[in-house]
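All remarks here apply to the structure that follows.
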Amino acid sequence: MDSPTIQTTSAAPGQFPPETVLSALQAFASHEALDSQSLHPFASSPGVPTLALRELMEATKQVTQSLHSHLSLPLSNPKQLSLYRQHATIAHTIALSDQNIQQTLTSFRKRAGITYGEDIPLDRSLMVDWCVKCVEAWAASAGMETFREEEQEGRMTVVLGGKVLVIDIYFSVDRSSPDSPVLDVASLKTSYAIPNGVAGATTEGSRSLDGFLADSLRAFLREVQKDTEVQDNVGAARLSGLLADHLAYLMKLDHLALSEGDSGLRWFRDLDNLALRVEEFAMQEAEVLSAGMGVGVSAAPLDLFLMRGHALPLHYLTTPSLSFLTYLSPSAYLSLLRSSASSPPFQDPRLKLPRLDVPLSHLRSRFASHSLPLGATVASLVLTPQSNVSFLPDSIGMPTLASRPTFPLLPSGADVDHELPHISELSAAALTSASRWVLDFTGDGKYRGVVMSQSRMREVELIVNPFSGMDHINSAPMMSFGTGSWLDLLVNPDHPISSERYTALYACPPSFTERACVSPTSVHPPLQLRLSAPDEPGFVLERVPVRTLKEVWGVLEIVREQCWLNETLLACQWIPEGLDLGGHAEDLDIMPASEDELQAILAGTLNPRRIPVNIHLPSEPVSDPLFESAGLGALGQQPGRAKIVMSAPERPPMSGLVEITVAFDPARARGVALDIRGAMGADIRLEALEEACRRGGVFGLPGRVWSKAHSGG
């Protein structure tokens with residue numbers, strides 16, 4: 001006798017061991033079976049958990065049928081019951097072993113960026129031929145044909161050809177040292193073969209794309225031709241993989257261009273036209289911003305540009321597409337500003353590019369050659385197969401009702417828009433090459449994405465799919481599957497602890513500098529921060545399908561506000577309340593009370609050893625729950641800005657509380673708005689406090705206000 005089995009239509013005849021009730025349920029017991037962070041339409045692969053949920057529903061149905069069929073069996077035989085138990089134990093052991101093996105394999109497959117290094121030849125005389133073969137291998141893997149001309153007088157030409165795209169690479173070979181020749185890229189030129197034109201007819205390609213591919217190839221050649229002592233095989237392998245990915249992506253566009261005939265070149269040219277348009281608009285916003293800062297300011301501060309303007313376009317940054325720098329934390333901005341001191345201050349004035357205090361050339365070099373600095377958020381506009389997109393954006397655009405994007409710097413930007421190229425649903429290519437434009441926040445899987453609150457995820461969806469039928473999530477919280485609030489996901493992502501409150505210390509003593517925010521001026525006692533977790537689940541935003549430039553700007557505007565809130569919170573190291581991880585506990589009773597302290601207590605002027613600060617993060621619903629059925633009413637209302645509310649006691653001898661509200665506001669000079677209630681008699685200058693917020697000192701505001709109270713400035 002065997003334990004109850006489940007008959008499945010997918011099981012092969014004679015399958016061993018047969019699937020049982022226990023094994024059917026154990027398949028969903030692993031931690032990776034249902035990833036709670038991917039159960040939303042803006043994940044990288046939203047279809048995977050959806051398929052798993054369907055399989056779970058089907059398994060539940062089969063389990064129910066199997067248990068009902070075994071109710072009629074006589075189970076009074078002790079031997080039969082013993083055999084059932086023995087079989088269940090063996091099946092359980094096999095299932096656990098198989099589950100452990102699957103988890104191990106999944107962990108190995110999920111390792112991002114793990115390479116074993118490029119197999120660079122040790123004989124330098126073989127280097128030229130090996131490098132050219134690498135180029136041919138990348139082209140072959142992307143589906144391109146390769147034509148190689150023989151080397152003549154230190155010149156060599158390699159042509160990579162798709163059906164439409166043609167890439168001519170002109171190499172220069174320096175054989176002054178026969179045992180160690182040097183290969184370099186003299187020039188690179190792209191062109192497009194007209195699909196239905198005259199034989200041999202071509203049109204000139206994009207100069208920006210030429211420079212991007214040439215720089216990427218030069219970086220690879222420089223790395224592999226370094227001396228053996230300083231060679232980085234892993235870095236060379238990374239550059240090799242990037243070049244292969246670039247060619248593969250360009251071949252996606254090649255297939256789309258071929259399928260549309262004469263009009264297919266738009267898949268290559270449209271994004272260049274869009275880049276020129278958004279770069280010119282960014283230049284205008286930077287000019288307005290710098291003009292408002294006074295005479296003599298010719299370059300707009302990059303951090304204020306990102307806070308008040310729109311995302312900074314960076315064409316061909318890390319992919320052969322358009323990227324947007326969405327946000328920089330104060331520390332990341334300061335690091336870029338300091339490292340750019342040796343860079344040329346401005347670009348060619350003939351180019352319609354924004355003038356910023358951090359040159360675009362420096363930004364490109366830092367972001368393209370290194371991983372993104374901590375605190376930087378970059379989104380790439382890329383074409384992805386439609387199977388990786390969970391839903392189709394609504395085809396009915398409503399620009400007059402959408403509340404995003406906003407244009408506080410340049411109101412005329414409301415008239416700027418651009419529709420991204422898409423395949424007609426009636427064309428034959430729609431059946432074979434269905435693709436969609438998406439904003440990718442993961443760098444093609446290299447980064448985690450952006451932690452978002454539920455309300456802002458809803459705002460994102462209202463932009464790209466306003467008639468999705470998900471209005472009910474404002475009145476009924478979205479399922480978080482036990483992951484806690486979005487704050488837990490942000491500050492405590494690797495631990496299953498979901499805390500109601502988090503604590504941190506904003507202090508200046510050396511014993512706290514490693515685990516707390518620091519007051520640079522030491523003019524107030526340490527601040528004991530106590531943050532209440534919002535009652536709102538969180539999700540990781542990875543990819544968002546878009547159709548137009550306004551949708552791109554609108555999504556990035558919402559993400560920018562969330563990034564401001566995230567990076568402000570991450571400026572301190574938060575721990576769950578009541579959990580002492582070391583370094584925060586301090587014995588406040590080591591020193592005996594002095595006579596001066598006793599007199600200060602009697603006079604009501606004793607300064608506290610710590611100032612308690614309570615913090616909460618108010619969240620405003622996207623639409624009014626009283627009018628859930630209003631339909632279009634949620635589309636036209638003004639969005640609620642991100643806010644941080646702090647309350648602290650007044651400075652003795654005053655009693656009461658001081659409440660400080662810091663709100664994200666791109667209409668203000670520094671991108672934030674302050675509202676202070678209380679602090680009677682304090683000499684407070686809002687401009688100085690706003691500047692402190694700009695430099696990352698949001699949680700130090702209660703201490704600054706406390707120090708100004710009754711001090712006469």
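Annotations for the structure displayed:
- Phi to ³J(HN,Hα) by Karplus 6.51 cos²θ - 1.76 cosθ + 1.60 over region 556-566, Hz, x for Gly, Pro: 5, 5, 5, 5, 4, 4, 5, 5, 4, 5, 4
- Packing, taken as the mean count of other beta carbons within 10 Å per residue, orders the peptides 405-414, 271-280 from highest to lowest as 271-280, 405-414.
- Scanning residues 5 or more positions from Leu314 or on other chains, those with amide H under 5 Å from its amide H are Ser323, Phe324, Leu325, with H placed 1.01 Å from N in the peptide plane.
- Across all C-alpha atoms in region 214-364, the radius of gyration and Dmax reach 18.7, 54 Å.
- Other residues within the sphere of radius under 13 Å centred on the Cβ of Ala709, judged by their own Cβ, net out at +1 (K and R +1, D and E -1).
- Stretch gain in nm, segment Arg218-Ala414, where the contour uses 0.36 nm per residue and the Cα spacing is subtracted: 66.5 nm
- Net charge contributed by nearby residues that have their C-beta within less than 9 Å of Val672 (K/R +1, D/E -1): +1
- Note on region 124-259: semi-axes of the ellipsoid equivalent to its C-alpha gyration tensor, largest first and rounded to whole Å, are 28, 17, 12.
Throughout, read-outs are computed from the coordinates displayed, never taken from laboratory work. Everything quoted here is computed from the prediction, not taken from an experiment. Note that each Cβ is placed from the backbone with ideal geometry, even for glycine, and that neighbours are counted across all protein chains shown.
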